[in-house]
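Step one of this worksheet: look at the structure below.
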Amino acid sequence: MGSLDILQHREPSVQIFMDGRMHRYEIPTEDGQTISASDFYTRRNGVLRIDSNLSIAVNSRCARNCALICESARDAWKDQLSPPPYRRCTAQEMVHQALLSREVRSTELANGAEHHVAYFGAGDAGDAVEEVCETARVLEKLKNPQVSSLVFSTTGSKKLVQQLTKTQVSGNLRPGFLTMQNSGVFTPDLVPQMAKRAEMAPLCDAFAEASQSPVKYTLLLAKGMYDDATIHEAADFALESPQTRCIKVVSVDEPVDQRIQPVPNDELGRVAGILRSRGVQHVSVFLPDKGAVGVNCGHNPLTSDVDRAPIRVKIHDML
């Protein structure tokens with residue numbers, strides 16, 4: 001995977017949103033499919049950063065189709081007669097998504113922005129364990145700038161957590177580089193195929209200790225689909241292992257139907273306050289820009305003004 005020459009001839013296209021703060025890329029593959037990726041430029045806690053969202057699979061598909069709020073799943077359901085084919089991205093294609101983002105965002109990165117990478121595009125990282133572990137080893141070696149963190153999101157793959165723990169140790173990856181979040185742990189009605197928390201927690205605790213980064217467990221909120229007992233359940237779970245478990249409070253980002261509706265930002269603050277009052281040490285609240293990023297697998301349902309044009313990007317050997 002040193003040269004990436006096989007990918008250099010491709011002509012991806014970019015959609016530009018929010019005055020350039022967000023880009024969405026469509027990358028053609030050699031077998032005629034399309035990979036969707038994205039990035040966004042923000043200031044978080046006073047630090048400028050580029051967050052690149054990678055996809056696991058081509059054609060904005062997911063093998064699981066598990067979450068009612070998942071854009072990939074809903075797209076697949078809309079076209080039952082002729083859905084686009086599902087295929088996992090190769091490790092090389094995953095690295096290419098990150099390098100494309102770095103190349104297009106070179107000015108921001110040269111001016112000091114941090115680069116963070118996440119598997120928040122289409123697909124679940126648990127469905128491409130070998131590929132994402134190889135990608136982690138490659139991205140950790142990038143320089144000028146280095147990738148500050150690599151985030152994995154899963155609805156619950158025990159194999160993924162075990163292999164990432166091994167990759168962290170055997171690859172001697174720097175502490176805090178690998179981080180992980182589990183989606184819909186406390187609201188299973190929104191993510192029906194989420195693995196059982198009791199089965200995942202010991203494996204995730206071991207990962208957190210190896211990576212020296214607590215695992216985020218998503219408390220995903222939608223109107224009428226949780227109550228204070230749900231919040232207390234999340235607090236009790238975090239307090240079982242305070243150093244390895246973080247509760248991430250988020251809302252569904254857009255209405256899905258009459259049953260699944262977002263909650264206001266004030267409610268996210270209230271929920272976080274309850275968690276902190278119960279003694280939870282690690283609490284994260286996600287307040288996205290309107291229309292900026294999804295909250296489950298991260299497939300971005302953007303409909304704002306678009307400047308769409310083909311771009312030619314030569315991906316250099318950056319390893």
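Summing Lys and Arg as +1 and Asp and Glu as -1 over all other residues whose Cβ lies under 14 Å from the Cβ of ALA201 gives a net charge of -1.
Which pairs, out of LYS166/LYS248; LYS196/LYS223; LYS141/LYS248; LYS141/LYS196, put more than 30 Å between their alpha-carbon atoms? Exceeds cut-off: LYS141/LYS196. Averaged over residues, the count of other Cβ atoms within 10 Å places the peptides 223-234, 89-100 in the sequence 89-100, 223-234, highest first. Note on LYS158 and ARG21: with the Förster distance fixed at 30 Å, the Cβ-Cβ geometry gives a FRET efficiency of about 0.25.
Applying the Karplus relation 6.51 cos²θ - 1.76 cosθ + 1.60 with θ = phi - 60° to segment 14-22 yields 3J(HN,Hα) values of 10, 9, 10, 10, 6, 6, x, 6, 10 Hz, where x marks Gly and Pro. For segment 46-62, backbone phi angles converted through the Karplus equation (6.51, -1.76, 1.60; θ = phi - 60°) give residue-by-residue couplings of x, 10, 6, 8, 9, 10, 9, 9, 9, 9, 8, 10, 7, 6, 6, 9, 9 Hz, Gly and Pro being listed as x. Of the two radii for segment 96-188, the radius of gyration is 0.99 times the Kirkwood radius, both from the alpha carbons; that is the Rg over Rh value.
Bear in mind that the values in this text are calculations on the coordinates, not laboratory data. Model, not experiment: these values are computed from the prediction. So basically every Cβ, Gly included, is an ideal-geometry build from the backbone, and we count neighbours across all protein chains shown.
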